[in-house]
Amino acid sequence: MRLAGDRAALLSFVAGSVLAGGNAVGVRFSNRELDPLWGAGLRFALAAVLLAAVMALFRLALPRGRALTGALLFGSLNFGAAFALAYYGLVRVHAGLGQTLLAVVPLATLLLAVLQRQERLRLGAVAGAVLALAGIGVLSRAPLREEVPALSLLALIGSALCFAQAAVVVRRFPPVHPVTINAVGMGAAAVLLGAGSLVAGEAFALPERASTWAALAYLVAVGSVLVFVLYVVVLRHWSASRAAYTFVLVPVVTVVLSAWLDNEPIRRGLVLGGGLVLMGVYVGALRPARGS
């Protein structure tokens, strides 16, 4: 039973990481026509409706009590706060560089989980995080030479911390079906993001460009519904810090897609940096523990 769960988690981890590689690129295209908070709120509102339809189809019940509290907290952090900051940061930062900054999530998750007595500090996790961050440094060294607004960088780092805390928080509450927790969480986030957009005075407008609609369709169906259902499956079977290694694997895919679709420059460090990232993911998340 445990072996089957680990296999499902591994497949979900790999598939979700690859599919999530297009998210930052999609956000960049969305931000070119839609205001950031409104674009994020529209994305999660549509995704919540789609997930609610899946719930109705499979007759999945809404959570109650502490389970509902956990789903709302997870959604507020993982979709509301994290994506409000990420959308703001990606207005001025290329998708590849923005996604590489989010690679600090595994290390932040580990430290937060240790501080909150949810996990113990593991040498393999620390070594994996160091290798991965070294790879990210090589991968993004050339783009970092370009002028990037400090607020955009801080927003993306803040987004990473929100993702990390969400992964820790969700494990303190009773488990909820992956479809249900994402439906509730994205619905809550859509309300928060919509309120933030209203306060910020953003324009509530639908896209007019075909490229924006295409980006929104990907972000809703694949980047929100499918990716985060797979992520919750991983969280069910792996520790929070181990599951967070998806944020380290995703930048490799994002850099390639951003270079293809958004003309982001690819440097020779991509091969070396990508290799270090993959090595870090293996050491920190995928390598079997001794004695297991």
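Summary table below
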item: Failed item in (1) modelled with pLDDT of 90 or more; (2) among the aliphatic types (A, V, I, L, M); (3) surrounded by fewer than 24 Cβ atoms within 10 Å (Cβ to Cβ); (4) touching a Leu at 6+ places or on another chain (Cβ under 9 Å), with Leu111 passing the rest; result: (1)
item: Which listed residue, of Val138, Val184, Val227, is assigned to a helix (DSSP H, G or I) and more than 20 Å from the chain's Cα centre (by Cα); result: Val138
item: Where Leu72 falls short, out of the listed (1) aliphatic (A, V, I, L, M); (2) in a loop (DSSP other than H, G, I, E, B); (3) closer than 18 Å to Phe173 by Cβ; result: (2)
item: Leu34 vs. criteria more than 22 Å from Val179 (Cβ to Cβ) and either touching a helix residue (DSSP H, G or I) at 6+ places or on another chain (Cβ under 8 Å) or not in a helix (DSSP H, G or I) (or both); result: yes
item: Hey, Val199 closer than 22 Å to Ala167 by Cα and surrounded by fewer than 18 Cβ atoms within 10 Å (Cβ to Cβ) or not; result: no
item: Residue in the stretch 45-54 that is in a loop (DSSP other than H, G, I, E, B) and closer than 15 Å to Ala214 by Cα present; result: no
item: Members of the stretch 119-135 that are at pLDDT 80 or above, in a helix (DSSP H, G or I) and surrounded by fewer than 21 Cβ atoms within 10 Å (Cβ to Cβ); result: Leu123, Gly124, Val126, Ala127, Val130, Ala134
item: Residue under evaluation Val191, criteria (1) in contact with a Phe, Trp or Tyr (Cβ under 6 Å, 6 or more places away or on another chain); (2) in a helix (DSSP H, G or I); (3) of a type outside the set (Asp, Glu), criterion not met; result: (1)
item: Candidates Phe29, Phe44, Phe74, filtered to the one that is aromatic (Phe, Trp, Tyr), under 23 Å from His237 (Cβ atoms) and under 20 Å from the mean Cα position of the chain (by Cα); result: Phe74
item: Options Trp213, Trp238, Trp260: the member that is over 25 Å from Phe173 (Cβ atoms), of a type in the set (Phe, Trp, Tyr) and at pLDDT 85 or above; result: Trp213
item: Inter-residue pairs, beta-carbon under 8 Å, first within 14 Å of Gly98 (Cβ to Cβ) and in the stretch 18-34, second aromatic (Phe, Trp, Tyr) and buried (at least 24 other Cβ atoms within 10 Å of the Cβ), 6+ apart; result: Val27/Tyr87; Ser30/Tyr87; Asn31/Tyr87
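The values are calculated or read from the model by the stated rules, or taken from the named source; none is laboratory data. No experiment lies behind these values; they were computed from the predicted model shown. We place every Cβ from the backbone using ideal geometry, glycine too, and count neighbours over all the protein chains shown.
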